[in-house]
1. From 621, 615, which residue is among the aromatic types (Phe, Trp, Tyr), under 30 Å from residue 353 (Cα atoms) and touching a helix residue (DSSP H, G or I) at 6+ places or on another chain (Cβ under 8 Å)?
2. Just to be sure I understand the filter: pairs with C-beta atoms under 6 Å, separated by 6 or more residues or on different chains, first member in the stretch 364-379 and in contact (Cβ under 8 Å) with a residue 60 or more places away in the chain and at positive phi, second member assigned to a helix (DSSP H, G or I) and not aliphatic (A, V, I, L, M). Which pairs pass?
3. Which pairs do you get when a residue that is outside the structural domain of residue 537 (by TED's automatic domain parsing) and modelled with pLDDT of 90 or more, found in the stretch 43-70, comes within reach of a residue that is surrounded by 23 or more Cβ atoms within 10 Å (Cβ to Cβ) and among the hydroxyl-bearing types (Ser, Thr, Tyr), reach meaning Cβ atoms under 6 angstrom, with the pair 6+ apart or on two chains?
4. Only one of (1) buried (at least 24 other Cβ atoms within 10 Å of the Cβ); (2) touching a strand residue (DSSP E or B) at 6+ places or on another chain (Cβ under 9 Å) fails for residue 488. Which number is that?
5. Being part of a helix (DSSP H, G or I), aromatic (Phe, Trp, Tyr) and surrounded by fewer than 24 Cβ atoms within 10 Å (Cβ to Cβ) narrows it down to one of 340, 383, so name that one.
6. Just checking, does the stretch 482-497 include any residue being out of contact with any Gly (no Cβ under 9 Å at 6 or more places or on another chain), closer than 30 Å to residue 41 by Cα and part of a loop (DSSP other than H, G, I, E, B)?
7. Return yes or no: is residue 544 more than 30 Å from residue 137 (Cα to Cα), surrounded by fewer than 23 Cβ atoms within 10 Å (Cβ to Cβ) and at pLDDT 85 or above?
8. Part of a helix (DSSP H, G or I), assigned by TED's automatic domain parsing to the domain that holds residue 436 and surrounded by fewer than 24 Cβ atoms within 10 Å (Cβ to Cβ), is that true of residue 366?
Amino acid sequence: MDLGLLKILGIVILLAPLGAAGVCGALGPRRLRDRTHWVSILGVGSAAVAALVLLTHVASRGSGEVSTHEGAHAAVGATIPIYDWIPTGVVGRDASGGGITDEQVGTFPHRWFRVEFLVDPLTAIMLATVTCIALLIVVYSRDYMRHHGHAERGYERFFAYLALFVFSMCALVLGGNFLLLYLGWEAVGLCSYLLIGFYYGKPSAAAAAKKAFLVNRVGDFGFGLGILLIYLTFGTLSYPDVFDMLARNVDAAGTALETSKLTTIALLLFCGAAGKSAQIPLYVWLPDAMEGPSPVSALIHAATMVTAGVYMIARCGAIFVHSETAMLVVAAAGACTALFAATIALVQTDMKRILAYSTISQLGYMFLALGVYAADSAVFHLFTHAFFKALLFLGAGSVMHAMGGVIDVRQFSGLRRVLPKTCALVVIGSLALGGFPMLSGFFSKDEILHHALHVHPVLGMMGLATAVLTAFYTFRMVFLAFSGPQRVPEGVHPHESGGWMIAPMSVLAVGAVVVGYLGVGFTGKPFHTFLEPVIAHTFLAAGPNAAGAHGAAGEVVGHAASGGFLAEYGLMILSGGLSVLAILAAYVVYARAPWMAATARATFPRAHDVLWNKYRVDEAYDRVIVQPLRALGRVCFYLDEYLVDGIIWVISFVPQALGYGARGVQRGALQGYGLAMGVGLAIVVTVVLTW
């Protein structure tokens, strides 16, 4: 690889959106105003172009070159140092790969925490996905954040936050060590807080932003502990160094690694992934994040923040595959989250909340794939999901924009007549999400189910049930909103969105249809082939019944191919057929015979109440965690207010009293001072003469 070119591209990818954020913040309110979007589009667009060039370069050069990572088991890629940042003399590695003790530090060159890039196929895919989806969302936001042609209040701030968010996510992906990963991780969390709470004057938005920030802090605490344990174990935070020692099964001191310690590290890292990617039990922040503008929902829930956990586990596969316990936890959490969130989405009425629970469910699919050693399928689903989920959120935003902020499907119907383009685009995205045959979601979902049923059949069946529910609740939303007689709230005059909003949605719709073919057999599965060098020595090699470099994936495919047509395509036909049946069921229940839904709700009121109230998980958290902590906070407040402040008051009272008593002799009268001096002098003379 041309390391000089990769270094320049990496710097452009980071600095272009960061510079755009700075310009929007500095010049937007005074100079640019309703033209601020151009700066953000230019910055994010430059990053997207650089990311595509980087992807092309890695695709054309990376597979044929030797890895610059240390160790035979490192991924094909390049670690590119930018500059030495923080000097440290702690345990490290010498030139031969052995450990360095504290006494040996002085005999070796000083070690540093470096600002460095890691560029490999996984990095290239993530950067291209993040920047391109983000660019389309920024373009869409130009019209969405206007009302009757006038920029909304905070227009400049909004585009500054969008660009800053893209920078943070790119920093997370490009970082070449765990320290930079953590910094990007926290920066993404901060930006999400700012974007979710964009309408900070709205109490629900402010509460949602705070909830997202605090829930993520829980996961990030475990994530930070995991990184600290990595540092204590390996003496470095560099990806190549850590992964090389893992391949040799030694720590920084050269002793054999303990499986229990690696399990602890993996589970701590998973805590962070569960928070960022909204997995059980830390998923509760994501549905409330819908209080932010619709472009924010698309940006956070499509290809950026919520996929950070998936990326992190795929990147750290060398750690996770050393622990069967950790892999089982990842798979089980993913399957349970997928099914759990899908059931909640069945009864929700807010379009954005339905899509939010859908996002949680699809992220569960990705974690299920990671846990069954199919990281390439997880990243493939991440890639396809980015297109159709961003399309659906932008489609919901188009409806919301046309309906004056109304997004509850109980308040309108028949919008296909007044929003024909939006309707067509939302249907395409819904078909892809529902796993309709031959669309992108169908291919990526089918891969995950195939691997899951092979490795953990029970979890695979949970995934299959989730697929059926996904198709049903997605088209429940579509039929409630777009079919039936036209009905809108009083005073609302719906209108089709303009070109700035329809054009990005159209591009995403094309992606939702075609990108799945990058992972199918008759095209040579270029996506998986491109990604394979990153996971060949981790997920693929460590999977059950691993077969050479192809591991679990190769075993599954080989077994299917040798079993005939039904073994190879039976699951694909089954899942596709169930998807079609679920869509037809939604059509019958919500478009042709709406009385069936009302009857079901009346027949099973308790079940409906449980799902409507989201299993009362938020209430349980409030009762078990929030209220006790608030009570503890009140106790601490009263202790500080009365006990600590009281002690300080008592201590300060003594000098105050002495001062109060002594101030009587200081009245400012010159005669009094003279008299006091004379009396004092007389006393002194008398004592001296009579002593």
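The values are calculated or read from the model by the stated rules, or taken from the named source; none is laboratory data. Note that the structure is predicted; figures quoted are calculated from it, not measured. Every residue, glycine among them, receives a Cβ derived from its backbone with ideal geometry; neighbour counts consider all protein chains shown.
1. Working: 621 fails: touching a helix residue (DSSP H, G or I) at 6+ places or on another chain (Cβ under 8 Å).
From the options 621, 615, the qualifying one is 615.
2. Short answer, once both residue conditions are applied: 373/539.
3. 47/131; 48/131; 51/131
4. So the condition that residue 488 fails would be (1).
5. On the way: 383 fails: surrounded by fewer than 24 Cβ atoms within 10 Å (Cβ to Cβ).
Sole residue among the options that is part of a helix (DSSP H, G or I), aromatic (Phe, Trp, Tyr) and surrounded by fewer than 24 Cβ atoms within 10 Å (Cβ to Cβ): 340.
6. The first filter runs over the stretch 482-497 and keeps only residues out of contact with any Gly (no Cβ under 9 Å at 6 or more places or on another chain), leaving 490, 495-496.
Now narrow it down to the ones that are closer than 30 Å to residue 41 by Cα: 495-496.
After this cut, where a residue has to be part of a loop (DSSP other than H, G, I, E, B) as well, the list is 495-496.
Yes, that holds for at least one residue.
7. Values: more than 30 Å from residue 137 (Cα to Cα): yes; surrounded by fewer than 23 Cβ atoms within 10 Å (Cβ to Cβ): yes; at pLDDT 85 or above: no.
When the stated conditions are applied, residue 544 does not pass them.
8. Numbers: part of a helix (DSSP H, G or I): yes; assigned by TED's automatic domain parsing to the domain that holds residue 436: yes; surrounded by fewer than 24 Cβ atoms within 10 Å (Cβ to Cβ): no.
Judged against the criteria, residue 366 is not a match.
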